[in-house]
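Everything on this sheet refers to the single structure shown next.
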Amino acid sequence: MHSASKVLRVGFSRFPRVLSVAMKSTNVSSNVCSETGIGTLMMSRAPVNGLNYDFLKDFREELEKLDQDKACKAVIITSSVKNIFSAGLDIMEMVKPEPKRLRDFWLSLQDMWNVLYTYRLPTVALINGHSPAGGCLIASGCDYRVMLDKTYTIGLNETKLGIVAPFWSEASYHFQPASIPRFMDAFVALVGTRQADLHLQLGTLFTPQEALKNGLVDELASSEEEAREKSVAAISKFLAVPGFPRYMTKTSVRSQITARFVDGRDNDLETFLNFVQMPATQKTMIKYVEALKAKKPKL
Amino acid sequence: MHSASKVLRVGFSRFPRVLSVAMKSTNVSSNVCSETGIGTLMMSRAPVNGLNYDFLKDFREELEKLDQDKACKAVIITSSVKNIFSAGLDIMEMVKPEPKRLRDFWLSLQDMWNVLYTYRLPTVALINGHSPAGGCLIASGCDYRVMLDKTYTIGLNETKLGIVAPFWSEASYHFQPASIPRFMDAFVALVGTRQADLHLQLGTLFTPQEALKNGLVDELASSEEEAREKSVAAISKFLAVPGFPRYMTKTSVRSQITARFVDGRDNDLETFLNFVQMPATQKTMIKYVEALKAKKPKL
Amino acid sequence: MHSASKVLRVGFSRFPRVLSVAMKSTNVSSNVCSETGIGTLMMSRAPVNGLNYDFLKDFREELEKLDQDKACKAVIITSSVKNIFSAGLDIMEMVKPEPKRLRDFWLSLQDMWNVLYTYRLPTVALINGHSPAGGCLIASGCDYRVMLDKTYTIGLNETKLGIVAPFWSEASYHFQPASIPRFMDAFVALVGTRQADLHLQLGTLFTPQEALKNGLVDELASSEEEAREKSVAAISKFLAVPGFPRYMTKTSVRSQITARFVDGRDNDLETFLNFVQMPATQKTMIKYVEALKAKKPKL
């Protein structure tokens, strides 16, 4: 597990692009191997695959495109950015936000999650870089996780960032269990209630070995090639099962988590909007962004 | 884990008896040892203990009889059919079904499960043969599981069979989390959410060693005698505890799963009836039965 | 795991004090280390830290006092009674009870639990003695558990005591899943559903090694000093995380359990009151207390 200072460096996008010039093709792209039928969804938003509105929208649209491509039988989600799977939410979406854009941003995160977690085709996260916060969320939405056994880390480290995410806002102090979408539910399902309680509180970033031991990833690989082979091997197991009953089973096993998500998303949106626009929150985030700008990139 | 082709051979009864001549005494019988107070519920419907209406009704009635027998302190559930614990639902109940019979069949499964999962006395599954699908369900409804460490397998392999079970029907695509009885809940409780998500999707049939490692069974035994000894030893632990508080605790720990089952059973019944009677479903099953008939039995 | 007879000796307070002379200062006290900011909540009600009304009220008030003490950053909960962390509920509260007092007693348990399980500061249970029943409950309400690796045991052994606790009453036979506060939920969250099902039924008292293996405690220590060092080390990890998001995360992860508790507490209270005042229950408890009085203390 890593120190808080290290975490801060990979928790959010450090050099977010100007939002209006986001280029779809460079955010997220996909292709389908005509031989194997395996689609690859490639995250390519340098420098850290920060999740902004355009990225999330592109991510979801590429997923939907692959779903409708008859040649596509399964999807591997991975990154073309060196040493980064995804560093999570793009903080620039939340600094001095324009209200409509802020709403659209959060809706795009909810929509992406909804599509990913209940996706019809088998999904494998090939985690080839750091995967904190939203990066871990994307991985935990897949059916299987293969991680490179390098110096990368993975986890929901939001507490350590000290930037309060929506389900941690003052507003949620008076907690409304039925109404808070819980992106963390998928994480809890992977590592179990006890370890989730501990490591969500601590904001732990796991090494690959720790992630394997805790059930957060399913396999490790020593190289990108081996990771790809293991991902393909996992997919072949999924594809040995008739697709429709497999998908219905996936939906059924995940139905309680999905129901909580669906029931609570409106409330979650309002909580998020209120929280982000509080002066205290803005102050914290502006300070954070300034600190990031003062640092040299070292990843 | 085993191949889909192997799975198909043990997933359903291959030589179902003519329904109308089912003999109670040969389906399920029970006796109570006057020395130990241990009742044995014996499943004896050759060739594979296929769960048809009569079997399920007899199973439940024998359980209820043992419950009311003052001499009976605990129950071991096992099979007299060589190499088979139970191969699950009898597909003949679902092929060209008579509507009333179909309804009664599904109700008999629901009733059996309800009685088994909330049974007053301690129950041990002595798994002395293959235990796919409904066989695994019966085992997972008990308080303790001892499995013979032979070439047998156990698991909920319905996805691999490709015959869509009720909670996987098209109708449940628009999922209704509060209203779908989830026979799989007990399985999830045993192996944990992550492994359940994976192995229910894959329709994994576990070897005894894998089942032990995943928590699906509690102990292995190298012989029928050892399995019996371990079952009796487990029962003696349960009987060291006053019966009423033990039973109330069992009820309480299982109350969420039981509540979901009870709340959703009407909806589950309708979903099942609609699904089974769809032309596409009938076509799949008729083809399946014809394929089985063309094969020689090899178990 | 230990025999029922041994369990009986540590399951309830054997020499309860006269209720009306309970002295606050000797029940529960607390101090805050000015150097580290670590508060210690000391349970000191000889001979077994039996949880009676005054103890529970004092426990809660000390927790609240520490919460409001700006110098206090985290709390270690431990015992000054030799070989006993806490032996659980004081049976004298339930023998020939005065109705108002009985109600207040149960409310004080509910209130204590509510404060402990959702406590703002990090909490570590330093389990330096036997911890059956209510003792295990207190430990399971903390964020982290360090146990001395001696001949002590820990577990929810209520079934073995044969004294039916509220959620096991005849009244709860017709179970009401949404309305029964489940003190056991925190235990289930720690050890997992399967092991909870088994060990709550069996009333298992775990050795420290078994408790560690099952996730009921997080670390063992060979001496009181080492236990203290490990508790402080755990606290330093919690304190490395900004307090507010950590607390919100704790609240959120525990929200389903807390919601069930809050929703069901009125019903739980009535069930408890009805049950305890039944003649059969009184008879059992009076017999139990007489048996205890006839024994010499040997702890």
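The values are calculated or read from the model by the stated rules, or taken from the named source; none is laboratory data. In this text the structure is predicted, and so the values were computed from the model without any measurement. When we count neighbours, we look across all protein chains shown, and the Cβ atoms used for this are built from the backbone with ideal geometry, even at glycine. What goes into the accessible areas is simple: the full protein's heavy atoms, side chains included, and nothing from ligands, DNA or RNA. Shrake-Rupley method; radii C 1.70, N 1.55, O 1.52, S 1.80 Å.
May I ask you to list pairs of residues, at least six apart or on different chains, whose Cβ atoms are under 8 Å apart, with the first in region B:46-63 being charged (D, E, K, R) and the second being assigned to a loop (DSSP other than H, G, I, E, B) and open to solvent by less than 50 Å² (accessible area, probe 1.4 Å)?
These pairs meet every condition: B:54/B:22.
Matching residues to (1) more than 14 Å from chain A (Cβ to nearest Cβ); (2) more than 17 Å from residue C:119 (Cβ to Cβ):
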{"position": "C:231", "(1), (2)": "yes, no"}
{"position": "C:240", "(1), (2)": "no, yes"}
{"position": "C:256", "(1), (2)": "no, yes"}
{"position": "C:277", "(1), (2)": "yes, yes"}
{"position": "C:281", "(1), (2)": "yes, yes"}
{"position": "C:287", "(1), (2)": "yes, yes"}
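Could we say that residue A:212 is within 11 Å of chain B (Cβ to nearest Cβ), under 21 Å from residue A:85 (Cα atoms), at pLDDT 95 or above and in a helix (DSSP H, G or I) here?
Against the criterion (within 11 Å of chain B (Cβ to nearest Cβ), under 21 Å from residue A:85 (Cα atoms), at pLDDT 95 or above and in a helix (DSSP H, G or I)), residue A:212 does not qualify.
Please work out if residue B:151 is surrounded by fewer than 24 Cβ atoms within 10 Å (Cβ to Cβ) and at pLDDT 80 or above.
Yes; evaluated as a whole, the condition is true for this residue.
If you go through region A:247-266, how many residues are more than 9 Å from residue A:120 (Cα to Cα) and either of a type outside the set (S, T, N, Q) or in contact with a strand residue (DSSP E or B) (Cβ under 9 Å, 6 or more places away or on another chain) (or both)?
Of the residues in region A:247-266, 11 are more than 9 Å from residue A:120 (Cα to Cα) and either of a type outside the set (S, T, N, Q) or in contact with a strand residue (DSSP E or B) (Cβ under 9 Å, 6 or more places away or on another chain) (or both).
Taking into account only those residues within region C:251-263 that are under 19 Å from the mean Cα position of the chain (by Cα) and not hydrophobic (A, V, I, L, M, F, W, C), which is most open to solvent (accessible area, probe 1.4 Å)?
Per the stated criteria, the residue is C:260.
Restricting to region C:30-45, name every residue that is part of a loop (DSSP other than H, G, I, E, B) and more than 10 Å from residue C:79 (Cα to Cα).
The answer is C:33, C:34, C:35, C:36, C:37.
Give region B:62-92 a look and list any residue that's charged (D, E, K, R) and in contact with a strand residue (DSSP E or B) (Cβ under 8 Å, 6 or more places away or on another chain), or say none.
Hits for region B:62-92 are B:62, B:65, B:69, B:73, B:90.
Looking at C:183, C:238, C:187, can you tell me which residue is touching a strand residue (DSSP E or B) at 6+ places or on another chain (Cβ under 8 Å), open to solvent by less than 30 Å² (accessible area, probe 1.4 Å) and of a type outside the set (A, V, I, L, M)?
One residue alone meets the criteria, C:238.
Give the residues of region A:67-98 that are buried (at least 24 other Cβ atoms within 10 Å of the Cβ), over 14 Å from the mean Cα position of the chain (by Cα) and more than 17 Å from residue A:140 (Cβ to Cβ), sorted by residue number.
If the condition is that a residue be buried (at least 24 other Cβ atoms within 10 Å of the Cβ), over 14 Å from the mean Cα position of the chain (by Cα) and more than 17 Å from residue A:140 (Cβ to Cβ), then A:74, A:93 are the ones that fit.
Would you please name the residue that is nearest to residue A:130 (Cα to Cα), looking only at residues in region A:274-288 that are surrounded by fewer than 18 Cβ atoms within 10 Å (Cβ to Cβ) and of a type in the set (A, V, I, L, M)?
Restricting to residues being surrounded by fewer than 18 Cβ atoms within 10 Å (Cβ to Cβ) and of a type in the set (A, V, I, L, M), the top hit is A:286.
I'd like the full set of residues that are crowded, with 19+ Cβ neighbours inside 10 Å and of a type in the set (Lys, Arg), limited to region B:196-224.
none
Which residues, counting only those in region A:154-168, are modelled with pLDDT under 80 and either open to solvent by 30 Å² or more (accessible area, probe 1.4 Å) or facing another protein chain (nearest Cβ under 7 Å) (or both)?
A:162, A:164, A:167, A:168
Mind listing whichever residues of region A:222-240 are in contact (Cβ under 8 Å) with a residue 60 or more places away in the chain and in a helix (DSSP H, G or I)?
Hits for region A:222-240 are A:224, A:227, A:228, A:230, A:231, A:232, A:234, A:235, A:238, A:239.
Kindly provide the set of residues from region B:102-142 that are surrounded by fewer than 24 Cβ atoms within 10 Å (Cβ to Cβ), over 18 Å from residue B:238 (Cβ atoms) and among the polar types (S, T, N, Q), ordered by number.
Matches in region B:102-142: B:108, B:110, B:114.
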